[in-house]
Amino acid sequence: SSSLGDKSTPRILYIDLDIHHPDGVQSAFYSTDQVFTASFHRFAPGFFPALSGSIREKGGSGTTGLGYNLNVPLPAGIGDVAFIRMFRRLIFGLVKSYDPHAVVLCLGADGLKGDELISGSGRGCDNLGGFVDFECTSTLSGEGWNLSPEGLAECVRIAAALCAGVNDVAILSVPSK
């Protein structure tokens with residue numbers, strides 16, 4: 001068992017930003033304090049995966065993992081500024097208290113604007129609580145996901161800016177082409 005002050009046991013902070021909950025990752029680390037999993041995702045009746053992602057899932061009861069799992073179900077309609085401020089407050093607080101040796105950031109791009117498979121409306125994240133409601137686009141072809149390079153690049157730009165502590169106005173400014 002590691003403790004927050006114990007520097008000899010590696011601690012990993014796994015952050016997942018995706019429209020879907022990372023049920024497999026959560027399950028893999030649910031009973032350990034060596035990996036703190038934090039997920040920002042949609043959680044609604046019938047939405048995949050239906051059996052995981054609740055805010056009540058905090059780690060395995062009776063294990064060292066209890067308290068090392070954070071699920072943040074995002075409310076429908078959350079805007080960019082509200083999301084960025086919430087994300088910063090939670091993640092920077094986690095980094096300070098957990099003091100990880102490494103951070104793993106997983107970015108799902110399946111909630112981009114225009115993703116009718118996710119929203120049914122073509123509006124994507126601006127009505128589901130994702131983190132990109134810029135001019136990113138994604139389409140679904142018969143073969144599966146076909147995400148635009150521009151949309152993926154925008155996801156990476158926003159995530160890097162969030163992690164670097166760039167101010168909200170600069171993050172929300174779409175770079176000129």
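Below are the figures for this structure:
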{"item": "D18 long-range amide H proximity, modeled H, under 5 Å", "result": "F40, G108"}
{"item": "Shape box of the range 1-97 [Cα atoms, principal axes, largest first, Å]", "result": "42, 28, 16"}
{"item": "Amide H contacts of L105 (H built 1.01 Å from N, under 5 Å, at least 5 apart or other chain)", "result": "I15"}
{"item": "Net charge of neighbours whose Cβ lies under 10 Å from the Cβ of Q26, counting Lys and Arg as +1 and Asp and Glu as -1", "result": "-3"}
{"item": "In nm, spacing of pseudo-spin labels at I55 and I12 (7 Å Cα→C-beta vector)", "result": "2.8"}
{"item": "Long-range HN-HN contacts of N71 with modeled amide H, under 5 Å", "result": "S39"}
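No lab work stands behind these numbers, since they all come straight from the coordinates. All of these numbers come straight from a predicted model, not from anything done at the bench. Neighbour counts run over all protein chains shown; Cβ positions are idealised from the backbone, glycine included.
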